[in-house]
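Input: a single structure, listed below in C-alpha cells.
A short reminder: the numbers here are calculations on the coordinates, not readings from a lab. As the structure is a prediction and not an experimental result, all values here were calculated from the model. Methodologically, a virtual Cβ is constructed for each residue, glycine included, from the backbone with ideal geometry; neighbour enumeration extends over all protein chains shown.
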Amino acid sequence: MKKMLIAGFTAAIMGFGALNLAAAGNAATDSSPISGQIMVKFRDAGAAPGVLRKHGLSEGPSIGSTGAHLIKVPPGKESQLIGALGRSPAVEYAEPDELVTAATADEYFPRQYALQNDGQSFTNTKGDIFVAGGTKDADVDAVEAWNVTTGSGIKVAVLDSGVASDNPDIASKVVARANFSSSATKTGDPIAEDYYGHGTHVAGIVAATHNTTGVAGVCPGCTILAGKVLNDSGVSSTSGIANGINWAVSNGAKVINMSIGQRTSSRTLETAVKNAWNAGVVIVAAAGNGGNQSKIYPGAYANVIAVAATDNTDAKASFSTYGASWVDVAAPGVNVYSTFPNHTFVLGTQNNRSQGYDVGNGTSMSSPIVAATAALAWSSQPGATNTSVRAKVESTADKISGTGTYWAYGRVNAYNAVR
C-alpha cells in the first residue's frame, strides 16, 4: 500500500544518517555508524542514570524533542552496548548514530528548464554545453504559479550544509541560521556558512531572489531557515538531523527540505519527523541517487514526501531511486541551475562546479523544487494545513510516464498546486 493517503504527505533527502555515501550521488549499501556515540531513549527518565552507570556510561544531551539522548561510549563498543541497553526493561530503544551525507549526483532564467522550458541550450563558464530545453511540458509551470502567488511569508527550512553568505541572490533570503554539524563556525563567519556547496545550491532552488541577476527561485517570496546539519565535508549524523528538525519547527518553518538521507531507519529520526508533522509542518526529502528501489530515510517515512528526479524530457533520471510503493512524486533533477558559494567550496573542487552559479544533478535538486511548490501552496490556500498542502501537491502532479511505477502521483506542477 501507499505509505499515506493523498490527504497527508511530506518528504526529504540530501543528507541521510546511516547512509555512507563515499561519493556524493551514489549511496553505499552499508550502514555507517559514528564511532563513540549511540542514541538511547528511556521509558523512565529517572532510571537512566542507574542503568547507564551499570555499563560505565554517563547521561548525555537530549536530541531535539525526540526523547532520546546522545550517549558517549567507548569506540568499538557501540554494538555491544546497544544490545546490552536494549535488553533493559527501562530502555525503549538504543540505536547507532549514523553518518549522513549529501545526495547530489553533480552542474540564469533561460537556463532553468525546470521552471520554464524554452528549447534553448547554454554554455557555462568552462565551455560546457547544456541543453536547457527539451519537452515543453516537462517544467513545473512555476511562471504561471507566480501569477497566483510568490509564497510571501512562508519559511522553508533547508537542513543541509548551510547557505553561503557571499552569494546575494540567496543570502538575503536567510532569516535564521543554526549549526548542528561537527564543523565549528570559523572566526568572522556567520553561523551555517557553507563550505561544501550543497546547501547553497538547494536553497537557491527554493528561494533565489527574482531580480536582474542570477537565478530565480521556485518560491521567490519565501524566506530560508538555514540549518547546517552537514559538515564542511558533506557529512552529518542522525542526531544532528533530528536536532535540526526540532530547531526548524521551533523557528516557524512551514516546510522542511532535507536533501539528505540514510540507508537504515532510525527511531530517533522517525520521531523527529513525526513531531514535525504533528506540529503542522510539511516535510520533503530526496529519494536518493542509487538508481534502484532501496528505501532511503527520512524520505521513506510516512510523514515525508519522497521525491524522485526527472530530466528535461519528463523521463526518470537514470540515477534516481524509484518505487511507487514509497516514492511520492518526481521533479526535475538533471542539470538544475542554481546558486553556489562565491568562495572555495568542496563540490567546486571535486566536481568542477563554478563559484556563484552552475548546475547540479540529483534528487537533492528535485526535493527543493517540491518543497518550494508546497510553500507556494501554503500561501495560496486560506486555512491551509500540512495535510491539505501535501494533498494538493500530490493530487495536482502531472501524471507523466512512470507514474504508478516509479513514483505514486506524478511530476509536480506548481501552477496546479496553487490554483
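Around Ile71, what is the net charge, scoring Lys/Arg as +1 and Asp/Glu as -1 over all other residues with Cβ under 14 Å from its Cβ?
0
Name the residue from Pro96, Leu85, Phe42 whose Cα lies farthest towards the positive end of the charge dipole of region 37-97, charges +1 on Cβ of Lys and Arg and -1 on Cβ of Asp and Glu.
Looking along the dipole axis, the top candidate is Leu85.
Taking the Cα centre of region 37-97 as origin and charging only Cβ (+1 Lys, Arg; -1 Asp, Glu), how large is the dipole, in debye to the nearest 20?
The dipole of region 37-97 has a size of about 200 debye.
Around Val307, with a cut-off of 13 angstrom between Cβ atoms, what is the net charge of the other residues, counting Lys and Arg +1 and Asp and Glu -1?
Summing Lys and Arg as +1 and Asp and Glu as -1 gives +1.
About the Cα centre, and with charges only on the beta carbon of Lys, Arg (+1) and Asp, Glu (-1), how big is the dipole of region 190-316? Nearest 20 debye, please.
About 400 debye.
Restricting to DSSP H runs of at least four residues, report the calculated mean residue ellipticity at 222 nm for the chain, -39500 (n - 2.57) per run over all residues, nearest 500 deg cm²/dmol.
Computed mean residue ellipticity for the chain: -6500 deg cm²/dmol.
So, with +1 on the Cβ of K and R and -1 on the Cβ of D and E, and no other charges, what is the size of the charge dipole of the chain about its Cα centre, to the nearest 20 debye?
Value, rounded to 20: 1080 debye.
Say the cut-off is 19 Å between C-alpha atoms; which of Lys77/Lys228; Lys54/Lys77; Lys254/Lys392; Lys316/Lys399; Lys41/Lys274 go over it?
The answer is Lys77/Lys228.
Would you mind calculating the gained length between Ser58 and Glu92 on full extension (0.36 nm times residue separation, minus the Cα-Cα distance), in nm to one decimal?
The span from Ser58 to Glu92 would gain 10.5 nm if fully extended.
Considering the dipole of the chain built from charges on the beta carbon (Lys and Arg +1, Asp and Glu -1) around the Cα centre, which of Val370, Gly280, Gly261 is farthest to its positive end?
Going by the Cα projections, it comes out as Gly280.
Whose amide H sits under 5 Å from the amide H of Ser236, counting only residues 5 or more places off or on another chain, with H placed in the peptide plane?
Residues meeting the amide H criterion: Val100, Thr101, Asn231.
Putting +1 on Lys and Arg Cβ atoms and -1 on Asp and Glu Cβ atoms, find which of Gly356, Asn386, Ser401 reaches farthest to the positive end of the dipole of region 350-419.
Asn386
Multiply the residue gap between Ala302 and Thr405 by 0.36 nm, knock off their C-alpha separation, and tell me the result in nm, one decimal place.
Result: 35.3 nm gained on full extension.
Using the alpha-carbon centroid of each, what span in Å lies between region 310-371 and region 152-208?
Rounded to whole Å, the Cα centres lie 17 Å apart.
Show me the three semi-axes of the equivalent ellipsoid for region 296-383, from the C-alpha gyration tensor (sqrt of 5 times each eigenvalue), largest first, rounded to whole Å.
25, 18, 13
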